[in-house]
Amino acid sequence: MHARVTTLLAPALLTLAIAFTLRAEAAIAPAVPAILATATTSGTDAKAQRLNAMYAEYWEEVLCLNPLQATFQGDSRYNDQLPNFLSETYLQENHSFTERWLKKIEAIGPDGLSGQDRLSYDIFVKNARDSLEGEKFPAHLMPINQFGNIAGFVAQLGSGASAQPFRTVADYDNWRARGGKAPAIFDQAITNMREGMRLNVVQPKALMVKVLPQLDALIAAKAEDSLFWKPIKDLPATFSAADKRRLTTQYRTMIEKELMPAYRRLREFIANEYLPACRDTAGMGDLPDGQAWYAYNAFQSTSTRLSPARIHQIGLDEVARIHGEMRKVMKKVGFKGSLQDFFKHVNDDPKFSFSSEEALLAHYRSIEAKLEPGLKRMFNLMPKAGFEIRPTEAFRAQSAAGGEYNPPSEDGSRPGIFYVNTYDLPSRKTWDSEDLFLHEAKPGHHFQIALQQELTGLPNFRRFGGETAYIEGWGLYSETIGRELGVLTDPYMYFGMLQNELWRSIRLVVDTGFHSKGWTREQVIAYMLKNSATSETDAVAEAERYMAIPGQALAYKIGQLKITELRARAEKKLGRRFDIKAFHDEVLKDGSVPLDVLEAKIDRWIADRKR
């Protein structure tokens with residue numbers, strides 16, 4: 001999974017990440033339970049009221065500075081705008097914005113604040129300081145990789161398959177205006193990469209060779225053959241004949257005279273100039289100040305100061321533990337042979353494959369009904385937002401993860417979407433399905449992220465922001481409770497959960513291996529294939545993902561371990577007073593928080609329930 005939400009405006013590509021990785025068959029009918037009211041601030045304290053007014057003003061400025069955030073949030077006011085996120089001017093504006101707001105909030109101070117008011121203050125200040133700390137690392141000089149880049153992002157928006165709406169004439173005019181601004185960002189990316197070449201801040205060659213076919217898939221000689229033409233093919237019948245003619249002409253001009261030349265320029269630069277200058281190494285350690293840069297990424301991802309060395313050892317320990325659990329599954333199904341033989345069996349036996357894309361999607365849709373009784377038994381809080389399953393778009397499927405979640409819009413017009421990758425169908429296994437659904441959909445990201453957006457009493461920077469370790473930790477924790485929810489009852493499905501927990505543990509080993517220990521791409525792929533049941537297709541895609549977004553993959557297991565630890569602590573201290581619904585309420589009701597904040601509030605909850 002790669003759900004991504006932003007808190008404070010971060011350097012350019014972090015701001016764009018809402019779209020790179022952010023997706024109803026059945027809406028959950030009940031209204032949000034009254035317990036969500038606990039997430040609102042008291043509003044009685046003058047300081048708290050003043051801060052909340054400032055947070056609201058701050059968020060309005062966020063949406064103006066980052067109109068893509070507004071679009072993904074379902075706010076259409078800025079749908080015609082696309083700032084040049086990669087320019088020095090924008091980066092300086094972003095810096096000044098963050099610095100100015102940090103000073104304004106710190107001038108009020110935390111004294112006397114409590115509850116949600118103190119949480120909001122602490123999270124705002126922490127995120128602003130972290131964002132400013134990260135500016136010393138030149139991420140904007142490496143703006144393109146195979147996992148997320150402006151070229152693919154613009155194609156998603158312009159195809160009508162993402163958050164950009166194409167329902168009214170105004171919507172079409174908005175995209176004509178926004179799409180016309182994309183070439184300037186493409187050209188800025190080229191400028192930045194040339195500067196990166198000068199400073200030896202360049203991407204691994206293994207990643208950039210994957211970008212060329214992605215660009216080739218988006219370049220077309222005629223507008224009608226382009227992905228960007230789909231909104232014109234789907235022009236609403238309610239549009240007047242004059243509007244249809246005008247929009248058709250304008251879109252043809254934009255595609256053939258503006259967008260396609262920009263795509264060709266970017267492709268030519270990468271193929272002829274950038275690729276020869278790219279590095280043969282894989283990890284950040286080979287970049288200037290790369291070890292410190294990676295340590296910062298690890299901190300941002302995990303919201304802890306665990307060192308890369310400590311995270312590496314945690315990963316090794318978890319891999320060994322989970323291997324032991326897998327051997328119990330082998331014994332249960334009567335499999336004779338080594339763990340590696342079992343990995344080969346579950347990957348090669350055709351009974352674990354789907355017969356077609358339709359069969360795969362139908363199977364995922366059947367899991368929701370199977371889960372409903374268990375969800376009602378273990379959760380009070382369920383989102384109002386709708387939920388939908390879609391196949392990953394073909395143009396990006398080859399390099400995309402097996403599943404991704406895109407949050408719903410604030411206004412309910414777009415549901416939460418679980419994208420399931422159907423590329424290389426034989427590599428998509430039945431035993432992986434229940435586990436993936438638990439993580440990406442219910443009770444994983446759809447519950448946590450959609451509920452957070454429904455916490456209208458919170459400042460918007462918390463409703464639409466988040467800590468990766470909390471978000472991904474909750475997703476992985478959701479996998480581990482599958483048996484309690486009534487799924488993972490088949491031994492092979494349970495193996496799928498173990499395999500994915502193993503995978504997140506392996507990430508601790510190989511991500512730190514890449515970026516703090518100098519492991520090669522081939523070493524990492526070999527380690528993954530030896531120690532898990534992953535296919536070579538997935539191993540390659542995942543290894544290259546860790547090369548592209550160093551540190552992000554650490555969040556899952558570190559976050560899950562903390563939530564699991566807190567549940568065990570609550571069960572031990574509360575005994576018969578422990579209520580799983582109440583525990584889940586407490587974890588979810590305040591939205592995403594740093595792990596140390598989560599631990600403190602769970603400890604307070606335990607103390608209150610013991611009284």
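What follows draws every value from the coordinates through simple rules; no lab data is involved. Keep in mind the model is a prediction, meaning the values are calculated, not measured. Note that we place each Cβ from the backbone using ideal geometry, even for glycine, and neighbour counts take in every protein chain shown.
What the table below lists for this structure:
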quantity: Lysines with Cα under 17 Å of K351, excluding same-chain neighbours fewer than 8 positions away; calculated: K429
quantity: Selected from G465, L86, P288, residue furthest toward positive end of dipole (the chain; charges at beta carbon); calculated: G465
quantity: Local electrostatic count, E224, Cβ distance below 12 Å [Lys/Arg +1, Asp/Glu -1]; calculated: +2
quantity: Whole-Hz ³J(HN,Hα) from phi, Karplus 6.51 cos²θ - 1.76 cosθ + 1.60, for segment 501-510, glycine and proline x; calculated: 5, 4, 4, 5, 6, 4, 4, 4, 6, 7
quantity: Residues of segment 529-555 with amide N under 20 Å of the 7 Å Cα→Cβ point at D341; calculated: 529-534
quantity: L132/A362 FRET efficiency (R0 51 Å; Cβ-Cβ; nearest 0.05); calculated: 0.55
quantity: Per principal axis, descending, Cα span of segment 52-181 in whole Å; calculated: 50, 34, 24
quantity: Spatial separation of Cα centroids for segment 311-360 and segment 486-528, in angstrom; calculated: 11
quantity: Protection-proxy order for peptides 479-488, 347-356, each taking the mean of Cβ atoms within 10 Å per residue, highest first; calculated: 479-488, 347-356
quantity: Charged-residue dipole, Cβ positions (Lys, Arg, Asp, Glu), segment 368-412 about Cα centre, Debye nearest 20; calculated: 260
quantity: Equivalent ellipsoid dimensions for segment 105-208 as semi-axes, Å, which come from the Cα gyration tensor, largest first; calculated: 34, 26, 12
quantity: Segments 104-112, 451-459, 225-233, 465-473 sorted - mean Cβ within 10 Å per residue, highest first; calculated: 465-473, 451-459, 225-233, 104-112
quantity: 10 Å binning of all Cα-Cα separations within segment 294-562, expressed as whole percents from 0 upward; calculated: 7, 29, 38, 22, 4, 0
quantity: Summed side-chain charge close to N84 - residues other than N84 whose Cβ falls under 14 Å, Lys, Arg +1, Asp, Glu -1; calculated: -1
quantity: Rounded to the nearest 20 debye, dipole of segment 473-586 from Cβ charges on Lys, Arg, Asp, Glu; calculated: 560
quantity: For the chain, with +1 on Lys and Arg beta carbons and -1 on Asp and Glu, the positive-most of L588, F387, G134 along the dipole; calculated: L588
quantity: Rg ratio (alpha-carbon, reference 2.2 N^0.38 Å) - segment 380-480; calculated: 1.11
quantity: Size of charge dipole - the chain - debye, nearest 20, with Cβ of Lys, Arg +1 and Asp, Glu -1, no other charges; calculated: 920
quantity: Residue pairs, from the table K103/K126; K181/K244; K442/K581; K581/K601, whose Cα atoms sit over 18 Å apart; calculated: K181/K244
quantity: Partners for K573 among aspartates and glutamates (Cα-Cα distance below 14 Å; same-chain residues under 8 apart left out); calculated: E565, D603, D608
quantity: Length released on extending from R77 to T249, taking residue separation times 0.36 nm less the Cα-Cα span; calculated: 59.4 nm
